[in-house]
Structures are given as structure tokens and as C-alpha cells.
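Have a look at the structure below, then the notes.
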Amino acid sequence: MKSATQSPDLDTSRISVSAHYTGYIWYKHGLSAAGFATGTGRFANAALAPINAFLRLVAGADIDIFLLQRHSVIDHQVRDLIEQHGIEQIVELASGLSPRGYRIKQQYPHIRYIEGDLPGMAARKRELLGRVGLAAGHDVVECNILQEDGPTSIAAVLASLDTSKPTLIITEGLVNYFDLPVIRSVWARMAQGLKRFPQGYYITDLYPDFADHPSYRYVKMAQKLVGLFTRGQWPLHYSNDNAIRNGFGEDGFDQVDVLDPASFYGQLNLPEVKIKTLVRIIRCKVSGE
Ligand SMILES: C[S@@+](CC[C@H](N)C(=O)[O-])C[C@H]1O[C@@H](n2cnc3c(N)ncnc32)[C@H](O)[C@@H]1O
């Protein structure tokens, strides 16, 4: 296993294929616009249909259900931060083919929204948004979360923002592609960077290692599948909500909320399942220096 001290491979573009899958799921479930769906995404979804059907049968939920749960809860938290906590700037990293920036800008035109991704995906997204309509104050930039400094680092993206405004970083479908020490060093850099703003927030999804989950063996199966698809590992992080809270606290966040999608059943438009949920949404805050 790699540690943060053994510098990780900085070229993780093999992961970008997964953005086609998730992008297609958002589109298929009416959360997106036509331009965001790709042939690769449509093909991957069709290819995985038998596996998803099997997972629904034996485990009571499939991969897409957990994707939709995380997407809805993240959207809800983002809207809450805009409407109740005065967020004015959003940096969505590893945004892939997600329509979130497009939708947020339609609903809240005053928000400064920057999407970041690896060069190939960023170029594709810029071209896509150019076609469907890129609003003023919405940009796509190259950003590699593993770069500690330089023009494509998280620090460089944050440096382009107004430090007098409350700011939010979002990642979705990213953090489980990295070993824990590697992603923790990214989280620590985010927490540090967000301190420059009067309030800094970070929202991410996280798939924990719930070894006591009744469907754990199917989770391990899905884990292998994602790893195969993206030609790498897809490690699960932390074994319970407390460990998550402690970890993010140690990484520099002052306030950490660990949200279970099940606590939003009946409130938000998200698929409900009988089994215990497998994904968590983490909402953290740092206070300015
Ligand atoms: C599963 S997709 C998620 C896309 C989008 N957030 C969504 O939920 O639909 C993973 C994304 O991570 C991006 N990615 C992979 N490695 C990255 C890195 N080192 N820095 C920034 N983005 C990265 C990929 O290009 C891809 O767009």
C-alpha cells in the first residue's frame, strides 16, 4: 500500500472513464441535460445492468441507488449552504460530467462556480458546457488534487477566488479512488486552503468500510468491479461514523457532520432501500484565520 510519503502516481486519468458512468446515471434519472450523457456512459450502464439486477436481488440495492442517494444529499447540502450560510463561491473538484454546476448556476446565477478536473476531462467539460450554455461566473479549470503546488493545484484554484467570500469545495465520486494516507493529505491541504476565507466548507461523499454490513460481501464485489473498470484500487475508508469525524477533525476541519442518506428518507427525492445505507455524506467546516 502506498503511503503519503511515497509520492503517489500523479497521473490518475485512468479514473476518468468512471465519469461517463456517473454522468449517464444523472442523465438517466432526470438530473441532467442531454448534452451530459455520452455513448460510453450509456454502454457501461447497459453492460452493468445484469450485475445491478443481481445486486438488487441479493442485496436489496444496486450501484445506481447509492449513486443517486449521494447525489441528492450533496445537492441538498449545497443548496442549504447557499441559502442559509451565504456561500458565494463553489469549487467542484473532479466534477467530471456532472451537471451540478450547470444546474446551480441556473438556480443561483450570483454564485461563482469553478469546476476542476484532469486536463482531458476538463477540456471535454468546457466544450460540453460551451454547447449547452456556459453562464458568466462559471469556469472549468485543470486541477489535479494530488498536485501539492503549482498552477493545477487546489491551492491555485482557491487563489483565484475572492478571499472575502464564504467558499465551498465539493468532491463527489472521487475520494475512494485513493489510499487513505493519500486522500488525507489532500483533505489537509483543502482545510488549510479554506482557512483563507471567512467560512470554508467542504462536502464529499465517502464509502466507509462497514465490515458488519449484512451485504458486505456484495460491497466487496462492487468494490472489485469499480477497481476493474478504472484499472486501480477502490479502497473503503473508516469503519464507522465516529472514526470519520475524528479523521476529518485531525485533518484540520473544525466541524464535521457525517450524514446518512437514510435520515433524509421522506424528505428528499432519493431512492429508499430496506438495507442499511452504504454511503455517507461528509459536511465539514473550517473557520477563517
Ligand atoms: C467517478 S468520476 C466522478 C465525476 C463527478 N464528480 C460525478 O459525480 O459524476 C471521477 C472523476 O475524478 C476525476 N479525477 C481522477 N483523478 C483526479 C485527480 N487526481 N484530480 C482531479 N480529478 C481527478 C476523473 O477525471 C473523473 O471526472
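The values are calculated or read from the model by the stated rules, or taken from the named source; none is laboratory data. Since the structure is predicted, the reported quantities are computational estimates derived from the model, not experimental observations. With ideal geometry, Cβ positions are generated from the backbone for all residues, glycine too; neighbour counts draw on all protein chains shown. Side chains are part of the model used for accessible areas, which takes the heavy atoms of the whole protein and leaves out ligands, DNA and RNA. Shrake-Rupley method; radii C 1.70, N 1.55, O 1.52, S 1.80 Å.
Modelled spin labels at Ala155 and Gln106, positioned 7 Å past Cα toward Cβ, are 3.8 nm from each other. Exposed loop sites here mean trypsin sites (Lys or Arg not before Pro) with a DSSP loop assignment and at most 11 other beta-carbon atoms within 10 Å; the chain contains its longest site-free run at 1-230. Which is farthest toward the positive dipole end of segment 17-287 among Gln223, Pro235, Ser263, measuring Cα position about the Cα centre, with Cβ charges +1 (Lys, Arg) and -1 (Asp, Glu)? Working it through, the farthest residue towards the positive pole turns out to be Gln223. Surface listing: Leu206, Leu57 arranged by accessible area from highest to lowest gives Leu57, Leu206, probe 1.4 Å.
When +1 charges are put on Lys and Arg Cβ atoms and -1 charges on Asp and Glu Cβ atoms, the dipole computed for the chain relative to its Cα centre reaches about 720 debye. In a DSSP loop and with at most 14 other Cβ atoms within 10 Å, the GluC sites (Glu not before Pro) in segment 92-165 are Glu148. Structural descriptor for the chain: relative contact order 21 percent, calculated from alpha carbon pairs under 8 angstrom and at least 6 residues apart.
Across segment 269-282, coupling constants 3J(HN,Hα) worked out from phi with the 6.51/-1.76/1.60 Karplus curve, θ = phi - 60°, read 7, 9, x, 9, 10, 7, 7, 4, 5, 10, 10, 10, 10, 9 Hz, and Gly and Pro carry x.
From the largest down, the chain spans 51, 42, 41 angstrom on the principal axes of its Cα atoms. With 0.36 nm allotted per residue and the present C-alpha distance subtracted, the Lys165-Asp11 stretch has 52.2 nm of extension available. Accessible area per residue for the chain is 43 Å², calculated with a 1.4 Å probe on protein heavy atoms, without ligands, DNA or RNA. Setting aside same-chain residues fewer than 8 positions from Lys28, which lysines have a Cα under 30 Å from its Cα? Those lysines meeting the cut-off are Lys105, Lys125, Lys220, Lys224, Lys274, Lys276. A dipole drawn for the chain from +1 and -1 charges on Cβ atoms has a positive end, and of Leu97, Gly150, Ala211 the residue lying farthest that way is Leu97. Using the Karplus relation 6.51 cos²θ - 1.76 cosθ + 1.60 with θ = phi - 60°, the per-residue 3J(HN,Hα) values for segment 86-100 come to x, 4, 10, 10, 10, 10, 9, 8, 6, 6, x, 9, 6, x, 4 Hz, with x marking Gly and Pro. 3J(HN,Hα) along segment 146-157, derived from phi through the Karplus expression 6.51 cos²θ - 1.76 cosθ + 1.60 where θ = phi - 60°, amounts to 7, 6, 6, 8, x, x, 9, 7, 4, 4, 5, 5 Hz, with x in place of Gly and Pro.
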